[in-house]
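The values are calculated or read from the model by the stated rules, or taken from the named source; none is laboratory data. No experiment lies behind these values; they were computed from the predicted model shown. For neighbour counting, all protein chains shown are included, and Cβ atoms are generated from backbone atoms with ideal geometry for every residue, glycine included. Remember, those area values only see protein heavy atoms, side chains included, never the ligands or the DNA or RNA. Shrake-Rupley method; radii C 1.70, N 1.55, O 1.52, S 1.80 Å.
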Amino acid sequence: MSLEENVRQVKENIAAAAREAGRDPSEITLVAATKVQTDDTIRAAIAAGITVCGENRVQEMTAHLEANAYAGSALHFIGHLQTNKVNKVVGRVDLIESVGSEHLLNAIDKEAAKLGLVQDILLEVNVGGEESKSGIAPDQVEALARKAVELPHVRLRGLMSIPPVAGPEGNRRFFHEMYQLFVDIRRKIADNESEINCLSMGMSGDYPDAVREGATLVRVGTALFGARPPMHPKAE
Ligand SMILES: *Cc1c(COP(=O)(O)O)cnc(C)c1O
């Protein structure tokens, strides 16, 4: 299948899952997870109708930005971000989805203050409680969300999660839990509820279920671009 067909198919699947759940398909945005893709592939994806690219790695993102590969698309940072690299991400992306610690939250606020801007962020929740994954424990989310809304140079827009790799029913349970947490945080924290309107969850293997359970952003790589090589491919 071509990239164009894949984009169309994934969008159709999102729309079908949304309707099934009684949701308006326009509430859900497809984020193309573009890690390891070339500048040209990213441009082709945008030409095929991708409106948001999600990058994991600061170095790759920096190179794509220099090549102007994301022209015509919004850009999200979705990977693990080290505090010593926030200066390469803050102000360059529309949304940092993966803020999984207070330390990182503060570093982003500080960098955004330096640049005189407000950075949109999501808090990353470790909904499966996995040791190996970054993110905030579900019972710590409210406290960190309260801190985030106090910081003048970040704007909390919602929550993100990468649930454990589980059977289909397993992930649905985690998606449901994330949705509950999202609704709860929005109700408790937001002065203006419309500011907290992003729930990012679901990847190639499970995005229709994530949509059924309330995702507003799904991050899809493999289903658009095909399987990634296990290692970095050679430079273009
Ligand atoms: C790579 C990646 C995705 C997409 O994964 P696929 O299984 O290829 O769809 C989504 N979210 C994050 C954070 C990723 O790193």
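In the set (1) over 21 Å from V218 (Cα atoms); (2) within 16 Å of the ligand (Cβ to nearest atom); (3) touching a helix residue (DSSP H, G or I) at 6+ places or on another chain (Cβ under 8 Å), the condition left unmet by E102 is number (2). Figure legend. Inter-residue proximity from the stretch 76-91: first residues at negative phi and of a type in the set (S, T, N, Q), second residues modelled with pLDDT of 95 or more and away from the ligand (no atom under 16 Å from the Cβ), beta-carbon distance below 6 Å, spacing 6+ or different chains. Indicated pairs: T83/A107; N87/E111.
All of D24, D39 fail the test of being acidic (D, E) and touching a residue at least 40 places away in the same chain (Cβ under 8 Å), apart from D39.
Listed by position, the helices (runs of 4 or more DSSP H) contained in the stretch 144-236 that have at least 2 residues being at pLDDT below 95 are 168-189.
For the stretch 16-29, what are the residues that are of a type in the set (A, V, I, L, M) and farther than 23 Å from L95 by Cα? Matches in the stretch 16-29: A16, A17, A18, A21. Scanning the stretch 54-81 for residues that are open to solvent by 20 Å² or more (accessible area, probe 1.4 Å), assigned to a loop (DSSP other than H, G, I, E, B) and within 15 Å of the ligand (Cβ to nearest atom) turns up N56, R57, H80. Restricting I96, I28 to residues that are closer than 25 Å to S161 by Cβ, open to solvent by less than 30 Å² (accessible area, probe 1.4 Å) and away from the ligand (no atom under 13 Å from the Cβ) narrows the list to I28.
If the condition is being open to solvent by less than 40 Å² (accessible area, probe 1.4 Å), near the ligand (Cβ under 9 Å from one of its atoms) and either small (G, A, S) or farther than 19 Å from I78 by Cα (or both), then the stretch 190-228 contributes S200, G202, S204, G221, A223.
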